[in-house]
Structure formats: structure tokens, C-alpha cells
1. Out of (1) within 16 Å of the ligand (Cβ to nearest atom); (2) under 20 Å from residue 303 (Cα atoms), the odd one out for residue 55 is which?
2. Find all pairs meeting these conditions: Cβ atoms under 7 angstrom apart; at least six residues apart or on different chains; first residue within segment 205-225 and touching a residue at least 60 places away in the same chain (Cβ under 8 Å) and over 12 Å from residue 177 (Cα atoms); second residue among the aliphatic types (A, V, I, L, M) and near the ligand (Cβ under 9 Å from one of its atoms).
3. Out of curiosity, is residue 62 assigned to a helix (DSSP H, G or I) and either touching a helix residue (DSSP H, G or I) at 6+ places or on another chain (Cβ under 7 Å) or surrounded by fewer than 20 Cβ atoms within 10 Å (Cβ to Cβ) (or both)?
4. Condition test on residue 90, is it within 13 Å of the ligand (Cβ to nearest atom), buried (at least 17 other Cβ atoms within 10 Å of the Cβ), within 20 Å of residue 230 (Cα to Cα) and hydrophobic (A, V, I, L, M, F, W, C)?
5. I'm checking my understanding of the structure. Among residues of segment 228-271 that are of a type in the set (Ser, Thr, Tyr) and assigned to a helix (DSSP H, G or I), which one is surrounded by the most Cβ atoms within 10 Å (Cβ to Cβ)?
6. Looking at segment 151-166, is at least one residue farther than 22 Å from residue 257 by Cα, at pLDDT below 95 and of a type outside the set (Lys, Arg)?
7. Could we say that residue 68 is more than 16 Å from the ligand (Cβ to nearest atom) and outside any loop (DSSP other than H, G, I, E, B) here?
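The values are calculated or read from the model by the stated rules, or taken from the named source; none is laboratory data. Please read all numbers here as calculations on a predicted model, not as lab measurements. All Cβ positions, even for glycine, are placed from backbone atoms using ideal geometry, and neighbour counts span all protein chains on display.
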Amino acid sequence: MTSSSGTVVGRLAPSPTGVLHLGNARTFLLAWLSVRSRGGTLLLRIEDIDGPRVKAGATQQAIEDLRWLGLDWQGEVLIQSSRRMLYRAAAQRLVDLGLAYACVCTRKEVDEAASAPHVDLAAAASGDAGAVATDGPVYPGTCRGRFASLEDAQQQTGREAALRFRVDVSTVPFDDGFRGAQSGAIAGDFVIQKRDGGPAYQLAVVVDDAAQAVTEVLRADDLLPSTPRQLLLYRALGLPEPTFVHVPLLVGTDGLRLAKRHGDTSLRYFRERGVTAEDLVGYLAKSCGLRASSSGCTPQDLLADFDLRKLPTAAMRGDDHGLL
Ligand code: GLU
């Protein structure tokens with residue numbers, strides 16, 4: 001999808017919950033290339049609403065790491081933590097529309113009551129067309145129709161209440177810009193406002209992508225299970241839907257999501273050991289199938305020949321990097 005002015009608008013949306021690692025760098029490089037190779041606009045949004053997980057200084061560091069890598073963006077940086085009132089208003093709108101309700105269930109209670117499969121990252125990342133995967137248990141509907149409002153839920157139970165969005169479908173089919181037709185499994189009613197009143201990621205990302213007039217959401221395919229939920233929110237709020245493009249996640253050589261056991265894969269780590277941004281971009285370009293050799297290059301060097309179809313469809317393995 002393109003904006004009304006005809007140009008694609010994309011975004012980089014780091015969460016300052018840690019330092020940027022190779023996986024983030026790869027996804028951000030692809031998001032940058034996808035937009036810039038078509039003369040579009042790229043925005044930066046800091047997704048710092050995940051309270052306890054946000055690390056001091058990580059926002060500045062992420063910005064610095066992106067700049068070091070040679071990625072840039074246009075306009076003001078949007079900071080989610082300064083937009084809480086907007087997320088509240090969107091959640092309230094959904095309540096007013098009869099599409100969201102108060103819920104006092106704890107995560108543990110939902111887990112215990114549910115019988116649905118948990119996300120299968122390997123399946124989600126396998127590139128299978130339309131692979132069905134959800135990333136949590138199916139909500140059994142315990143609080144649906146139980147309370148008149150958040151206050152009512154609190155009074156009746158003495159617990160803080162979250163807001164959940166009503167889902168009356170089991171799939172939300174959509175066409176992924178990289179993976180093609182997806183069946184879009186969805187695991188029932190989901191949280192849009194947490195018990196502490198803060199927004200859930202699903203709601204914040206939709207409110208912001210719409211507010212920033214984003215037309216292309218390019219991200220790693222560990223977020224594929226979120227897309228059906230986000231599409232339902234776009235529709236419920238009457239917002240224009242962007243195109244979703246899910247690229248393969250970078251995983252360790254053991255096929256698992258990059259984590260401490262794979263050693264330090266932060267950009268800082270490589271940088272401190274003398275790896276240049278060009279070395280790193282060259283390595284990422286080769287790993288994405290964009291270049292035959294991993295010799296150093298800048299993001300700009302990749303623009304002319306960029307084609308998303310060159311990317312391998314399977315999860316990309318690599319924790320040894322050959323960078324050091
Ligand atoms: N902030 C999210 C992350 O770092 C990305 C969200 C998105 O791209 O929708 O995983």
C-alpha cells in the first residue's frame with residue numbers, strides 16, 4: 001500500500017528493552033531498503049511502553065546504533081511513552097463500540113484454562129505459505145459479558161481489570177508482502193489495555209502506525225501471529241490498513257531465537273572489537289541473499305539492486321557471524 005501522496009511510508013520501531021543485536025539490525029536494514037529503494041519515507045518510533053523491561057539509556061543507544069549502521073529516518077522521533085492518553089482513548093472507543101470489555105483474569109488463570117497450542121516459532125519462521133501459528137493460549141471467554149465496566153469489575157472482584165477486545169472469528173486471512181497468502185490464526189479475545197492501565201503492544205502499534213500514516217510494516221516473522229489481531233483493530237477503529245511484510249527471523253545455528261546462549265550478538269560487541277558498520281552491513285547483505293560476497297558496503301550501496309524476493313524464505317541461521 002502507498003500513502004495518498006503515492007509514496008510508501010515505513011517505520012523502524014525498536015523497543016529499548018536491550019541493545020540492538022544482529023537480528024534487529026538485519027530487520028531494520030531490510031525495512032530501510034524496502035522503503036528507500038522506492039523513494040519512500042522512513043520514520044522512527046521508540047516502543048518504550050513495556051515498563052519494567054525498558055532499560056535506562058537504551059533509547060539513546062538504539063538511535064546511536066542505527067546511525068552508526070548508516071540508517072536514517074525522517075521527521076520527529078515518536079516516543080510511545082508520551083502518547084498514553086491516545087492509547088487510552090482508542091481503548092475507550094472500542095469499549096463504547098461494544099467491542100472491548102473488562103477482564104480480571106490473570107495470565108496464569110488463562111494459561112490454566114486454555115488448551116490451545118502455543119506458538120511454534122519454527123513453523124512461524126519456516127516460510128510455509130499460510131502456516132497457522134498463534135502466540136498464546138486461546139482466551140476461554142471467562143469475563144465476556146460479566147462486568148458493566150472497568151470500575152464494576154474492580155468493585156465486584158477487588159482486582160484491577162484489563163480490557164480485552166472481542167474476537168468472533170478464528171482466522172483473519174491476509175496477504176503478506178513477503179510470504180504471500182496467510183490464513184492468520186487468532187487465539188480469541190486479546191488484551192488491549194493492561195491491568196495497570198497501560199496499552200498492550202497490539203493496540204499501541206496500531207494507533208501509532210495509523211497516526212504516522214505508515215503504509216508498510218516490515219518486521220521479523222516472530223510477529224506474524226500479532227498481525228491478525230492488529231488487522232481486527234484497524235477495522236474496528238476504521239483506520240486504513242498498511243501492507244504487512246514479515247521477513248525471516250535471524251536465529252542461532254541451533255534454530256532458536258537469538259539469546260544469551262548464542263553469545264553476545266549486540267552491535268556494540270562487534271563495534272568494540274573493530275568491526276566496522278560496512279563489515280556488518282556486508283555480512284547482513286550476504287546473509288539476506290542481496291549480495292554474493294560479504295565484502296563491506298553501506299546501506300546506500302544496496303539500494304540499486306534491492307529486491308525482497310532475493311531473501312531466503314526460511315529462518316536465517318547464524319550466530320557465529322564470521323565477523324570477528
Ligand atoms: N517494537 C517491536 C520489536 O522491537 C516491533 C514492533 C513492530 O514492528 O510491530 O520487536
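1. (2)
2. Listed by first residue and then by second, the contacts come to 209/217.
3. So residue 62 fails the test.
4. Spelling it out, it is not the case that residue 90 is within 13 Å of the ligand (Cβ to nearest atom), buried (at least 17 other Cβ atoms within 10 Å of the Cβ), within 20 Å of residue 230 (Cα to Cα) and hydrophobic (A, V, I, L, M, F, W, C).
5. Here the answer is 269.
6. no
7. Taking the combined requirement at face value, the residue satisfies it.
Listed here are the residues, each with its yes/no results for (1) over 25 Å from residue 51 (Cα atoms); (2) out of contact with any Asp or Glu (no Cβ under 7 Å at 6 or more places or on another chain); (3) of a type in the set (Phe, Trp, Tyr); (4) within 13 Å of the ligand (Cβ to nearest atom).
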site: 201; (1), (2), (3), (4): no, yes, yes, yes
site: 206; (1), (2), (3), (4): no, yes, no, yes
site: 209; (1), (2), (3), (4): no, yes, no, yes
site: 217; (1), (2), (3), (4): no, no, no, yes
site: 221; (1), (2), (3), (4): no, yes, no, yes
site: 229; (1), (2), (3), (4): no, yes, no, yes
site: 235; (1), (2), (3), (4): yes, yes, no, no
site: 238; (1), (2), (3), (4): yes, yes, no, no
site: 241; (1), (2), (3), (4): yes, yes, no, no
